[in-house]
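Trainee: This structure is in structure tokens; I'll ask about it shortly.
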Amino acid sequence: MRANVEGFKNGNYTLATTYPQSSAPSGTNCAYPSCDASGIAQADNRDSNTAIFQQLPVGGMKVACDGACDLKQGDIWVMWREPTTYGNQSFAASDECPTGTFTEQPRCIHIKFKL
């Protein structure tokens, strides 16, 4: 996003919650020099979701603008499911997850940023 501020200002990074991901994202990324701000944002979102899917159990994410996207401020939530060995513990009080209806409450990390 830092290298593609235009894409963020245009709302191209805004991403609905991808948690829980049941499979890695599909598709192909644009290739230089034919990438525009929107294509770069799509590639960044796909690459980020692929990495999260590969490294976190049932991982997913959400990206949102904090107010209007042209303010260049936003929020990223990375979400995952804890192994069943932690099934009887409640993390709701310690995690800052985005609002939404989840069949199983995820673990979350919330990152606020300004470009």
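Read-outs: derived from the displayed coordinates by stated rules, not from any lab. Note that this is a predicted model, so its numbers are computed, not measured. Cβ sites come from the backbone with ideal geometry, for glycine too, and all protein chains shown count toward neighbours.
Trainee: I need the full set of residues from region 52-82 which are in a helix (DSSP H, G or I), hydrophobic (A, V, I, L, M, F, W, C) and without any contact (Cβ under 8 Å) to a residue 12 or more places away in the chain, in order please.
Mentor: Passing the criteria: only Leu71.
Trainee: Consider Glu6 against the criteria (1) of a type outside the set (Ser, Thr, Tyr); (2) buried (at least 16 other Cβ atoms within 10 Å of the Cβ); (3) under 15 Å from Leu115 (Cα atoms): it satisfies all of them except one. Which criterion is unmet?
Mentor: (2)
Trainee: So which residues in region 26-51 are part of a loop (DSSP other than H, G, I, E, B), out of contact with any Gly (no Cβ under 6 Å at 6 or more places or on another chain) and not aliphatic (A, V, I, L, M), if there are any at all?
Mentor: Correct list: Ser26, Gly27, Thr28, Asn29, Tyr32, Pro33, Ser34, Cys35, Asp36.
Trainee: For region 9-18, name all the residues that are crowded, with 18+ Cβ neighbours inside 10 Å and part of a helix (DSSP H, G or I).
Mentor: Result: no residue meets the conditions.
Trainee: If we keep just the residues of region 9-33 that are over 16 Å from the mean Cα position of the chain (by Cα) and of a type outside the set (Lys, Arg), which is nearest to Gly59 (Cα to Cα)?
Mentor: The extreme case among them is Gly27.
Trainee: Here's another thing I want to ask about it. Could you list, ordered by first residue, the pairs with Cβ atoms under 8 Å in which the first is in region 20-45 and without any contact (Cβ under 8 Å) to a residue 24 or more places away in the chain and the second is surrounded by 10 or more Cβ atoms within 10 Å (Cβ to Cβ) and among the basic types (Lys, Arg), at least 6 apart or interchain?
Mentor: That search, which allows pairs on different chains as well, returns Gly27/Arg46; Asn29/Arg46.
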